[in-house]
Amino acid sequence: MAIITLTTDFGYKDHFVGAVKGTILSSLSEVNIVDISHAISPFNIQECAYILKNAYRSFPEGTVHIVGVDSELSPENEHIVVQVDGHYFVSANSGVISLITSEITPEKVVEIHLPNTNSGSFPVLNVFVQAACHIARGGKLEVIGKPFDSLKELKEFEPRVSNDGKTISGNVIYIDNYGNVVTNIQKSVFEAYRNGRDFELTARTTTIKKIENSYNGIINFNLERNQRKGPGDALALFNSAGYIELAIYKSDLNSVGGASSLLGLNYRDTVTINFL
């Protein structure tokens, strides 16, 4: 059965998600519709890319991914379909695809041209759904679009290495539902420059000297409970996507706060690692 995923900044208050799903089902009754996220911050291309990049590989090849963030048609934001890594992405030419598949060359890119279609103010419904259902039925891209060679490229923040390899300066690229703060410093970069040295990770006034592989890695279970670190303590870890993440163990962003609020970190803020 065909799979169509949805990643949008629509939220759940309005009718948009329901209308998109209903239109898909009216056009293609035998389909699995999977919500990846509808809580992307409005128009935040980088956040959309981070979430979708870390989700799409879990789906089987042939999956069609509708990207409903900053999708309004303009001369600088064309509607496109990108076939890459065995998947299909129906999106605007906002640069989001370049962030999702930064290390993979697309197999095919077409600009969507559907007859008698006006994208209006709801292009995900009026254009993207039609294109996605066509692909999910096994239709060819050439039927719904023309070859396109102006795929917009955006560059992710790249961590900066300085001081003869003794310092890595990165940035916050994502804050998750728990308030955990994801940096753009990948484990591979960290290990390439560490060379076995001790280090200090600094984020505003917080300094951390160890990076865990799990959230409960900060707990020494050999100690009595009243002597252990635990809920409320700050930690750094390599997250499941391979990035350095800062967290408050068992935090709640909506009550006591998370790493973003308690450490005072926001999108694009600097995180520094100094090797000693």
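Values for this structure:
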read-out: Net charge dipole size for the chain [Lys, Arg +1 and Asp, Glu -1 on Cβ; Debye, nearest 20]; value: 700
read-out: Percent breakdown of C-alpha pair distances by 10 Å bin, ordered from the shortest bin, for the stretch 7-60; value: 22, 45, 31, 2
read-out: Of Tyr249, Tyr174, Tyr12, the one that fluctuates the most in a GNM where the chain has Cα springs shorter than 10 Å; value: Tyr12
read-out: Residues of type aspartates and glutamates that Lys21 reaches as a straight line, Cα spacing below 12 Å, ignoring anything fewer than 8 places off in the same chain; value: Asp35
read-out: Cα centre as origin, Lys/Arg/Asp/Glu Cβ charges: the stretch 1-137 dipole, Debye; value: 320
read-out: Spatial separation of Cα centroids for the stretch 127-151 and the stretch 221-276, in angstrom; value: 43
read-out: Derived scalar couplings ³J(HN,Hα) [the stretch 152-167; Karplus, 6.51 cos²θ - 1.76 cosθ + 1.60; whole Hz; x for Gly, Pro]; value: 6, 10, 10, 9, 5, 4, 9, x, 9, 9, 9, 6, 6, x, 8, 9
read-out: Dipole of the chain, positive direction: furthest Cα of Gly11, His79, Ile185, with charges on the beta-carbon; value: Ile185
read-out: Peptide ranges 262-275, 58-71, 109-122 listed from the most packed, as the mean C-beta count within 10 angstrom indicates; value: 58-71, 262-275, 109-122
read-out: Value of Rg/Rh across the stretch 2-147 [Cα atoms, Kirkwood radius]; value: 0.91
read-out: Farthest toward positive dipole pole in the chain [+1 Lys/Arg, -1 Asp/Glu at C-beta], among Asn116, Asn216, Val96; value: Asn216
read-out: Most mobile listed residue (Arg194, Arg204, Arg228) in the chain, GNM with C-alpha springs under 10 Å; value: Arg228
read-out: Relative counts (whole %) of C-alpha pair distances in the stretch 160-275, using bins that are 10 Å wide; value: 14, 47, 31, 8, 0
read-out: Lys, Arg +1 and Asp, Glu -1 on Cβ, resulting dipole of the stretch 18-70 about Cα centre, debye, nearest 20; value: 60
read-out: Which of Phe16, Phe10 has the fewest Cβ neighbours within 10 Å, and the rest in rising order; value: Phe16, Phe10
read-out: Given (1) 159; (2) 137; (3) 185, the label whose value is volume of the Cα convex hull per residue in Å³ derived from this model; value: (1)
read-out: Choice from Gln46, Gln227, Gln130 showing the highest fluctuation, given a GNM over the chain with Cα pairs closer than 10 Å; value: Gln227
read-out: Calculated on alpha-carbon atoms, Rg and Dmax of the stretch 202-267 in Å; value: 12.1, 37
read-out: Relative contact order, percent, the chain [alpha-carbon distance under 8 Å, six or more residues apart]; value: 15
read-out: For the chain, calculated [θ]222 nm from helices alone, where every DSSP H run of n ≥ 4 adds -39500 (n - 2.57); value: -4500 deg cm²/dmol
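Any read-out appearing in this document is the output of simple, stated calculations on the displayed coordinates, not a laboratory observation. These numbers were taken from a predicted model, which means no experiment stands behind them. Because the Cβ atoms are built from the backbone with ideal geometry, glycine has one as well, and the counts that use them run over all protein chains shown.
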